[in-house]
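The values are calculated or read from the model by the stated rules, or taken from the named source; none is laboratory data. Predicted, not measured: the structure shown is a model, and the values here were computed from it. Cβ sites come from the backbone with ideal geometry, for glycine too, and all protein chains shown count toward neighbours.
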């Protein structure tokens, strides 16, 4: 025991285990996907209305709303 008085003390380091909580921050992706889908539908509607001939619009019920 006399020889152990100069020995360095044993240091035990314990890691704190941080449990990860649930996934956060993904809601913006859903909102963005909804927005992009709505914009795609809007531009497709605008494109389709542009492709349809004017006389077809006048003959349909849409003519009352689109042509003054």
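Within region 57-68, residues that are on the phi < 0 side of the Ramachandran plot and in a helix (DSSP H, G or I) reach partners that are modelled with pLDDT of 70 or more and surrounded by 12 or more Cβ atoms within 10 Å (Cβ to Cβ) with beta carbons closer than 8 Å, at six or more positions or on different chains, in the pairs 63/57; 66/57. Taking each residue of region 12-26 that is on the phi > 0 side of the Ramachandran plot and assigned to a loop (DSSP other than H, G, I, E, B) and looking for partners that are surrounded by 10 or more Cβ atoms within 10 Å (Cβ to Cβ) and at pLDDT below 75 with beta-carbon atoms closer than 9 Å, six or more apart or interchain, yields nothing.
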